[in-house]
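**Student:** This structure is in structure tokens; I'll ask about it shortly.
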Amino acid sequence: MHYVYIIESAYARNQRYVGQTADLRRRLADHNAGRSVHTQRHKPWNLVCYLGFADERKAVDFEKYLKSGSGKTFAQRHLL
């Protein structure tokens, strides 16, 4: 399985990050340990939601969509 996830900073609630991974637990631990340049500043992070995909390409495409303008609107309305 491949997962697309949204995390939110525990302290700066307006800070969110969208990513995709095959190992969700490890990836969340990496974010909270500061191993990601993009998320280390606003740690700790809480998992807001995740979606599982059997096909990695679909997960990558959906992550890309969620990072777009219309994807951010979709996430705000339906996932957050």
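We did not get these values from a lab; they are worked out from the coordinates using the rules stated. Please read all numbers here as calculations on a predicted model, not as lab measurements. Here the Cβ positions follow ideal geometry from the backbone for every residue, glycine too, while neighbour counts run over all protein chains shown.
**Student:** Counting only C-alpha contacts under 8 Å and six or more residues apart, can you give the relative contact order of the stretch 2-70 as a whole percent? All intermediate terms of the calculation are to be shown ahead of the outcome.
**Tutor:** On the way: 109 pairs, mean separation 28.9, N = 69.
About 42 percent, as a whole number.
**Student:** Assigning unit charges at the beta carbon (Lys, Arg +1; Asp, Glu -1) and nothing else, what dipole magnitude in debye, to the nearest 20, does the stretch 1-78 show about its Cα centre? Spell out each step's value before the answer.
**Tutor:** Working: 14 positive and 7 negative charges, 53 e Å.
Roughly 260 debye for the stretch 1-78.
**Student:** Another question about this same structure. Quickly estimate the mean residue ellipticity at 222 nm for the chain, helices only: each DSSP H run with n ≥ 4 gives -39500 (n - 2.57), and the total goes over all residues, rounded to 500. Let's see the in-between values first.
**Tutor:** Details: 3 runs with 31 residues, N = 80.
The helix-only estimate for the chain comes to -11500 deg cm²/dmol at 222 nm.
**Student:** Under the classification rounded if a/c is under 1.5, otherwise prolate if a/b is larger than b/c and oblate if not, where does the chain fall, given a ≥ b ≥ c as square roots of the Cα gyration tensor eigenvalues? Intermediate results must be reported in sequence, preceding the final value.
**Tutor:** Values: a/c = 1.97, a/b = 1.21, b/c = 1.63.
Judged from the Cα gyration tensor, the chain comes out oblate (a/c at least 1.5, b/c at or above a/b).
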